[in-house]
Amino acid sequence: MAVMFGNSLFIHGGYDVDKGILNDFYEMDLHEDCDEYLWKKVNNTCGDKEIKLKGHTGVVYKERLIVYGG
């Protein structure tokens, strides 16, 4: 899943042949004033459980990033 929200690009998920479904969740600030573009890891847990999804998508609606499916 890849979604633009405000000035940030959010990337979630992925697949690795050895590890299976990944729970990677990253944000990159793409604001014009940035000197360099770096990925920042985003919290991807619900309580103590990691959220691993496959076949999901995301949208921005009323100032919220909504991930569904998987």
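Can you pull out the chymotrypsin sites (Phe, Trp or Tyr not before Pro) in the chain whose DSSP state is coil and whose Cβ has at most 10 other Cβ atoms within 10 Å?
Tyr37
About the Cα centre of the chain, how large is the charge dipole given +1 on each Lys and Arg Cβ and -1 on each Asp and Glu Cβ? Please answer in debye to the nearest 20.
Details: 8 positive and 12 negative charges, 108 e Å.
Its charge dipole is roughly 520 debye.
Of Val42, His31, Gly13, whose Cα points farthest to the positive end of the dipole of the chain (charges on the beta-carbon: +1 Lys, Arg; -1 Asp, Glu; origin at the Cα centre)?
Sorting the options by dipole projection puts first Gly13.
Students often get this wrong: which residues of the stretch 19-48 have the backbone nitrogen under 13 Å from the point 7 angstrom along Cα-to-C-beta of Lys54?
It comes to 19-23, nothing else.
Along its three principal axes, how long is the chain when you only count alpha carbons? Whole Å, largest extent first please.
Principal-axis extents of the chain (Cα, largest first): 37, 29, 23 Å.
Considering only protein heavy atoms and a probe of 1.4 Å, how much of the accessible area of the chain is carbon and sulfur, as a whole percent?
50 percent
Report, by chain and number, residues whose modeled amide H sits under 5 Å from the one on Phe5, excluding near sequence neighbours (fewer than 5 apart, same chain).
Phe10
Would you mind checking which residues have amide H under 5 Å from Asp24's amide H? H placed 1.01 Å from N; only 5 or more apart, or other chain.
Placed amide hydrogens put Gly13 under 5 Å from Asp24.
Could you identify which residue out of Lys41, Lys54, Lys19 has the top mean-square fluctuation in a GNM of the chain using Cα springs shorter than 10 Å?
Lys19
Using the heavy atoms of the protein chains alone and a 1.4 angstrom probe, what is the accessible area of the chain per residue in square angstrom? Let's see the in-between values first.
On the way: 5480 Å² over 70 residues.
So the chain comes to 78 Å² accessible per residue, rounded to a whole number.
At 7 Å along Cα-to-Cβ for each site, give me the label-to-label distance between Leu38 and Ala2 in nm.
The two pseudo-label positions are separated by 2.2 nm.
The values are calculated or read from the model by the stated rules, or taken from the named source; none is laboratory data. This is a predicted model, so every value here is computed, not measured. As a convention, Cβ positions derive from the backbone with ideal geometry for all residues, glycine included, and neighbour counts pool all protein chains shown. Please note that ligands, DNA and RNA were not included when accessible areas were found on the heavy atoms of the full protein model with its side chains. Shrake-Rupley method; radii C 1.70, N 1.55, O 1.52, S 1.80 Å.
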